[in-house]
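Just so it is clear, none of the values below were taken in a lab; they were calculated from the coordinates. Just so you know, these numbers come straight off a predicted model, no measurement behind them. Note that we place each Cβ from the backbone using ideal geometry, even for glycine, and neighbour counts take in every protein chain shown.
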Amino acid sequence: MSADFWNMSGYAVYVWGSFAAGLAVYLWNLIAPRLRRRATLEAIAEAQGDE
Amino acid sequence: MFAVVSADALRIRLQHDVLKSQPPRPQRLPMSWTWFHRLASPPTFFGLAQRLAPWCAGFGGALLLLAWFGGLVLAPADYQQKDAFRIIYVHVPAAALSLSLYMAMAVCGVVALIWRMKLAECVLVAIAPVGASFTALALVTGMLWGKPMWGAYWVWDARLTSELVLLFLYLGVIGLNSAFEDPRTAARACALLAIVGFVNVPIVHYSVVWWNSLHQGSTILKLGKPNISADMAWPLYAGLLGSYLWSAHAVLRRTQNELLLRERNTRWVREIAAATEPGA
Amino acid sequence: MNKRQKRMAAVAALVVGIGVAAVFGFTAFRKNMMYFYTPTDLIDHKVSDNAQLRLGGLVVAGSVHRGDGLQVDFTLADCQKSLPVRYDGILPDLFKEGQGIVATGHLQHGVFIADQVLAKHDENYMPPDLAKSLKAQGGTMHSCAPFKSAYGDSTMPAQAQAQAAHS
C-alpha cells in the first residue's frame, strides 16, 4: 500500500507537486498576514515612542 | 464608559450625516440600519474580526486536514485518470475561491465607490493578495493536471486564458493600491478596476459552456446530479468549505492590518500598539 | 439626485456599458473564442488544405488502426459527422476508443493530418467498479455534446442533442 500510495499510479510528480503547491499557498495565507501585523504594530509603537 | 460615549458620539454623527445628505424622508432609513453603520466602524469591526478569525482558521484547518486525508487516502482512484484525478482536491477549491473572492472584491468596490465606506476599501485591498494566491494555485495545479491527462501543460483555450486574465486583474489591483500615496485614492482606483474586471468572472465560469475548450465542464455546479461518486465527492465538499473558511481568516486578518495602518493616529490603535511588546 | 445617487448611476452605467460591450465583442468574435473545429465544421464549410487548425471529437469505437512505428489512424466524430485522422507520434495516456480528443494539424485530401493529439476528458469521476457496472448497462459512453460547432449550434439537430444529453 505504502509504495503504491507514494507512486500515485505513476503520476507522483504531478499529484504530490500539486499538493505541495497547495500546502505552500495555504500556509502563506496563514503566516503572511501574521508577519505583516507584527511589523505594522511595531512600526506604530515605535512612532509613538518617538513623539 | 469610553465605549458608551464613543458609540453615542458616532450615532449622533451618523444621524447628522443622514440629515445633511438627504431631504427628510421619514420611512426611508429605519433605525435598524444603525447596526450596519456600527459594524462598519473600524474599532468595532476590528474587535469582531479578532473574535471571528480564530474560529475560521480552526474549523477551516480541521476541514482541510479531513479533506486532504479523504482525497489522498480514502477516495478510490478514478476509472480513467487513476490517481491523477486527486489533483481535483487542490485545484477545484482554488479555482472556486479565485472567482468567489473576486466577486466579493467587486462588491466591496461598489460599496466603496458609492457609499465611500472605509471598511469596504480595506476589505477590497485585503482580498486582492489572497485571491491572487488562489488564482495562481488554480493555474499551477491546472498545469500539473493538464500535462499527464491532456498531454500539455498549457493551451490557449477560453477557460485557461480567462483564468490567467483573472490573475492579472488581481495583480493589477495589488499594483494599483501600492502605486498611490493616499490610501483612499488608491482604494478608489482599485475599486474601479475591480468593478471593470468583474466582466471576466462570468467569462471564466461559462467559458466551457459558451465555447469549445479543452477544459472539461463543471462537475459539481451542474444542474441535476453531480457527476462524481459520493466517496470521491465528500472530500471535495469538505475541502471547499475548509478553503472558504481559511481564506476568510486571511481576509479578516489582512483587513485588520489595513485598519491598523489607516487608523494609526487614533486612540484605539495606539492602545493596541502600546499593548504589544516591541520585538516580541 | 444627490451625490450618492449620482455615483450609484455612474457605477450602474459603467457595469451595463462594459457588459454590453463584452456581449457584442464576444458575439462578433465567437469563432475566435473556439478552441477547435468539429468534423461537421470542416465537412460543411470548405476549409483549404494545409490551413493549420484544431479538430475536436470522439474517437470512434473500432476505428483505431496502428501502422508502422508510432503511426495511428482513427476516425473522429462529433454528434453528426466524422472525419479520418492520421497521426504519427506519442498519444496521451487517456487516448482510447470513445475518448474525446483535440488534434492540431491540417486537412489533406479529406484526411486530417495531426501533428499533436491532446486528450479532452469529461467531468465525470467514479471508481473503476462503478464504471464497469455502468458500462454493462451501456452508460459510460463519452458524450459528444462538448464538441460544439464553431459556426453556431443551429447545425445540431434536436435528436442528436437529446442523444448527447442521455449518454
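Taking all Cα-Cα distances within chain B, those exceeding 31 Å account for 39%.
Springs join every pair of Cα atoms under 10 Å in this Gaussian network model of chain C, and among C:Q71, C:Q137, C:Q99 the largest mean-square fluctuation is at C:Q137.
The phi-based Karplus calculation (6.51 cos²θ - 1.76 cosθ + 1.60; θ = phi - 60°) puts the 3J(HN,Hα) values of segment B:253-262 at 5, 5, 5, 4, 4, 5, 5, 4, 5, 6 Hz, whole numbers, x for Gly and Pro. By the Cβ-Cβ criterion of under 4.7 Å, the unpaired cysteines of the protein assembly as shown are B:C56, B:C108, B:C122, B:C190.
Computed packing ranks the peptides B:193-200, A:4-11 as B:193-200, A:4-11, most packed first, by mean other Cβ atoms within 10 Å.
When you look at the Cβ of every residue in C:125-135, what mean number of other chain Cβ atoms sits within 10 Å?
Values: counts 17, 11, 8, 6, 3, 5, 4, 1, 0, 1, 1.
Mean shielding by partner chains, rounded to a whole number: 5.
Going by how many other Cβ atoms sit within 10 Å of their own, how do B:C190, C:C79 line up, fewest first? Could the numbers behind the result be given before it?
On the way: B:C190 27, C:C79 24.
Result, fewest neighbours first: C:C79, B:C190.
Here the dipole of segment B:57-266 is about 220 debye; that uses its Cα centre as origin and unit charges on the Cβ of Lys and Arg (positive) and Asp and Glu (negative).
The alpha carbons of the protein assembly as shown occupy a box of 87, 59, 40 Å along the principal axes, longest dimension given first.
Measuring against 22 Å, Cα to Cα, the residue pairs C:K96/C:K120; C:K46/C:K96; C:K31/C:K120; B:K147/C:K120 contain C:K46/C:K96 as the ones spanning a longer distance.
Taken residue by residue and averaged, Cβ atoms of other chains lying within 10 Å of the Cβ of B:178-187 number 0. Once the Cα-Cα distance is subtracted from the 0.36 nm per residue extended length, the B:A274 to B:R51 segment shows a gain of 78.3 nm. How would segment A:2-50 be classified by its alpha-carbon gyration tensor: rounded, prolate or oblate, with rounded meaning a/c under 1.5 and the a/b versus b/c comparison settling the rest? Verdict is prolate for segment A:2-50. Look at the dipole of segment C:24-96 built from charges on Cβ: of C:G62, C:A28, C:V47, the Cα furthest out on the positive end belongs to C:A28. Phi angles across segment B:180-185 convert, under the Karplus curve 6.51 cos²θ - 1.76 cosθ + 1.60 with θ = phi - 60°, into 3J(HN,Hα) values of 9, 6, 7, x, 6, 4 Hz, Gly and Pro given as x. Does anyone have the angle between helix B:2-21 and the longest principal axis of chain B? Alpha-carbon axes, 0 to 90°, nearest 10? In chain B, helix B:2-21 runs at an angle near 90 degrees to the longest axis. Round to the nearest 10 and give me the degree value, 0 to 90, for the angle of helix C:3-28's Cα axis relative to the longest principal axis of chain C. Taking the Cα atoms of chain C, the angle to C:3-28 is about 30 degrees.
Got a sec? How would B:H91, C:H142, C:H45, C:H109 order by Cβ neighbour count within 10 Å, fewest to most? Let's see the in-between values first.
Values: B:H91 23, C:H142 19, C:H45 12, C:H109 6.
Arranged by neighbour count, lowest to highest, B:H91, C:H142, C:H45, C:H109 become C:H109, C:H45, C:H142, B:H91.
In terms of the Cα gyration tensor, with a ≥ b ≥ c the square roots of its eigenvalues, is segment C:35-166 rounded because a/c is under 1.5, prolate because a/b exceeds b/c, or oblate?
Working: a/c = 2.16, a/b = 1.21, b/c = 1.78.
It comes out oblate by the Cα gyration axes.
The order of B:M103, B:M143, going from fewest to most other C-beta atoms within 10 Å of their C-beta, is B:M103, B:M143.
For segment B:36-142, the alpha carbon convex hull comes to 108 Å³ per residue, rounded to a whole number. Partner shielding of B:149-158 amounts to 6, given as the average count of beta-carbon atoms from other chains within 10 Å of each residue beta-carbon. Compared with the dominant Cα axis of chain A, that is its longest principal axis, helix A:12-50 is turned about 10°. Comparing B:I203, B:V90, B:Q256 along the charge dipole axis of segment B:57-266, the residue lying farthest to the positive side is B:Q256, per the Cβ-charge model.
Computed from backbone phi, the HN-Hα couplings of segment C:112-124 come to 8, 9, 9, 9, 8, 10, 10, 8, 10, 7, 9, 9, 9 Hz, rounded to whole numbers (Karplus: 6.51 cos²θ - 1.76 cosθ + 1.60, θ = phi - 60°; Gly and Pro given as x).
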